[in-house]
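Peer 1: Sending over a structure as structure tokens; questions will come in a sec.
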Amino acid sequence: GGAAPGKGIKCSLCTKILKKMQALAGDDPDEEAVVAALRKGCQALGRTKGKLCQQLVNKYRDQIIDGLQNGDMPQDICTAMRICRS
């Protein structure tokens, strides 16, 4: 059973990361607030998850920023990035 974790774990991690960032960005954030939240959100996760978080942010930065600015649900943002299944 040494297989790589399936979609489920990535999905829940993605959702968790975005919930954290949403809380840090606050209501109706501007781009600056979102970018700051991306940085702080990854730091808050500790080292191992923080690294995954950073990769996620680097790859999907624009989608995450748009999603948070639009006030989309974390689950929906992760689904749009194809990390979660709809």
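The values are calculated or read from the model by the stated rules, or taken from the named source; none is laboratory data. What you see is a predicted model, and the numbers here were worked out from it, not measured in a lab. When we count neighbours, we look across all protein chains shown, and the Cβ atoms used for this are built from the backbone with ideal geometry, even at glycine. The area values use the complete protein model at the heavy-atom level, side chains included, leaving out ligands, DNA and RNA. Shrake-Rupley method; radii C 1.70, N 1.55, O 1.52, S 1.80 Å.
Peer 1: For N58, what charge total do you get from the other residues with a beta carbon under 12 Å from its beta carbon, if Lys and Arg give +1 and Asp and Glu give -1?
Peer 2: Working: positive: R39, K51, K59, R61; negative: D62.
The answer is +3.
Peer 1: Report, as a whole number in µm² per second, the diffusion coefficient that Stokes-Einstein gives for the chain at 37 °C and 0.692 mPa s using the Kirkwood radius over alpha carbon pairs.
Peer 2: On the way: Rh = 12.8 Å.
The Stokes-Einstein estimate is 257 µm²/s.
Peer 1: For the chain, what relative contact order do you get, as a whole percent, if you take Cα pairs closer than 8 Å and at least 6 residues apart? Show your work: numbers first, answer last.
Peer 2: On the way: 72 pairs, mean separation 31.5, N = 86.
After rounding, I find 37 percent.
Peer 1: Tell me, what is the per residue accessible area of the chain in Å², probe radius 1.4 Å? Spell out each step's value before the answer.
Peer 2: Numbers: 5720 Å² over 86 residues.
Value returned for the chain: 67 Å² of accessible area per residue.
Peer 1: Please quote Rg/Rh for segment 46-85 to two decimal places, taking the Kirkwood radius as Rh and restricting both calculations to Cα atoms.
Peer 2: Working: Rg = 10.4 Å, Rh = 10.5 Å.
Here Rg/Rh amounts to 0.99.
Peer 1: Under a Cβ-Cβ limit of 4.7 Å, which cysteines in the chain have nobody to pair with?
Peer 2: Lone cysteines by the Cβ rule: none at all.
Peer 1: Show that you can apply the helix-only estimate: for the chain, add -39,500 (n - 2.57) for every DSSP H stretch of four or more residues, divide by all residues, and state [θ] at 222 nm to the nearest 500.
Peer 2: -24500 deg cm²/dmol
Peer 1: While we're here: What part of the accessible area of the chain, given as a whole %, is carbon or sulfur when the probe is 1.4 angstrom? Write down the numbers at each step before the final one.
Peer 2: On the way: 2710 of 5720 Å².
Within the chain, the accessible surface is 47 percent carbon and sulfur.
Peer 1: Lys and Arg at +1, Asp and Glu at -1: add these up for the other residues within a Cβ distance under 14 Å of K16 and post the number.
Peer 2: Charge balance in the 14 Å sphere: +4.
Peer 1: Full extension from A33 to N70: what is 0.36 nm times the residue separation minus their Cα-Cα distance, to one decimal in nm? Walk me through the intermediate numbers first.
Peer 2: Numbers: separation 37, 0.36 × 37 = 13.32 nm, distance 1.30 nm.
The span from A33 to N70 would gain 12.0 nm if fully extended.
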